[in-house]
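Here the structure is laid out as structure tokens; the discussion comes afterwards.
Quick note: the coordinates plus some simple rules give every number you see, no bench work behind them. What you see is a predicted model; the values in this text were computed from it and never measured. Virtual Cβ from ideal backbone geometry, glycine too; neighbours counted across all protein chains shown.
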Amino acid sequence: MRNRFLSNPHSRHSTSQTTTNIVERARIQVLEYFKAQSEYELLFTAGTTQSLKLVAECFDFGGKRSGPTQFLERLDDAQNGTLFGYSTDAHTSVVGMRQVVRSDYVACCYRHEDFLALDGSHRRLIVLTAMSNFCGRKYDLNIINKLQELGNTFVCLDAAALVSCSTLDLSSTRPDFVALSFYKMFGYPTGLGVLLVRKDRCELLEKRFYGGGTVDISQLQEELHRPI
């Protein structure tokens, strides 16, 4: 800030272009670090919590809910509708997603492997904990592919704790969404994280809010807007 003048990257002038170039270089470096440059899009966020909230708000479960979201005690009942699932070792930011998602059902399992018993054709979003915030246990990420093979089952990986002490190779694990924060990796800066989205899963996220430099046209008196 002492040596150069920066501005909003969505503006249209020279200092904006300078900022845009810095952001894009950072984006490329992050994607390369996680071996995700060819298969993922990267969204900068305020941290893991916001990344997870974005997925919860935007994930399209398909169709309309038959009624209020119901909490399931048995996975067998999940075949009758869409499902949001997480484990008992989930961070509170993951648990909080259940207040926002638009699924028919919510389920909590003791083990990630329990979700492999899911049946039915309805769309499901499962959030997996890569590393426990409670005890430091690192989970086997090979289950990601097994869950995806069930069909219509999509995996969001909470990798915030894991990347603080281990590498994450997304070219082999290939979750549909990944949430993480940089301060857990470097200790600085706070308030900066990312949401990684597989390019072939972008259509599953239905943006519901817009503002600032994210919109090109917006009508005040009718429901019309065009994002940039």
Relative contact order computed over the chain (Cα-Cα under 8 Å; 6+ residues apart), in percent
22
Rounded to 10°, Cα long-axis angle of helix 14-33 versus longest principal axis of the chain:
40
Signed unit charges on C-beta, dipole axis of the chain, positive-most listed residue T20, C108, T49:
T20
Out of G212, G151, G193, any idea which swings most in a Gaussian network model of the chain, alpha carbons joined below 10 Å?
G212
Over the chain, with a Gaussian network built from C-alpha contacts below 10 Å, which listed residue (I144, I28, I126) shows the highest mean-square fluctuation?
I28
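Within the range 86-126, report the trypsin sites (Lys or Arg not before Pro) that DSSP leaves as loop and that have at most 12 other Cβ atoms within 10 Å. Could the numbers behind the result be given before it?
Values: sites: R98, R102, R111, R123, R124; in loops: R102, R111, R123.
The qualifying sites are R111.
Restricting things to Cα coordinates, could you compute the convex hull volume per residue of the range 83-180 in Å³?
Values: hull volume 8.8 nm³, N = 98.
Normalising the Cα hull of the range 83-180 by residue number yields 90 Å³.
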Log entry: pair-distance distribution for the range 60-136, C-alpha pairs binned every 5 Å from zero, whole % per bin is 3, 17, 29, 24, 16, 7, 3, 1
Among A117, A90, A179, which one shows the biggest mean-square fluctuation in a GNM of the chain, springs joining Cα atoms closer than 10 Å?
A117
Amide H within-cut-off set for T45, under 5 Å, with H built and near neighbours excluded
G193, V194, L195
When 1/r is averaged over all different Cα pairs and the result inverted, which Kirkwood radius in Å belongs to the chain?
18.8
Please identify the trypsin sites (Lys or Arg not before Pro) of the range 162-219 that satisfy two criteria: DSSP loop assignment and at most 16 other Cβ atoms within 10 Å. Which are they?
K207, R208
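When only DSSP loop residues count, what chymotrypsin sites (Phe, Trp or Tyr not before Pro) in the range 1-89 have their Cβ near at most 12 other Cβ atoms within 10 Å?
Values: sites: F5, Y33, F34, Y40, F44, F59, F61, F71, F84, Y86; in loops: F5, F34, F61.
Of the chymotrypsin sites (Phe, Trp or Tyr not before Pro), the ones in loops of the range 1-89 whose Cβ has at most 12 other Cβ atoms within 10 Å are F5.
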Using modelled backbone amide H atoms (1.01 Å from N, in-plane), which distant-in-sequence or interchain residues come within less than 5 Å of V100's amide H?
none
Can you give the angle from 0 to 90° between the axis of helix 48-58 and the longest principal axis of the chain, with both taken from C-alpha atoms, to the nearest 10?
70
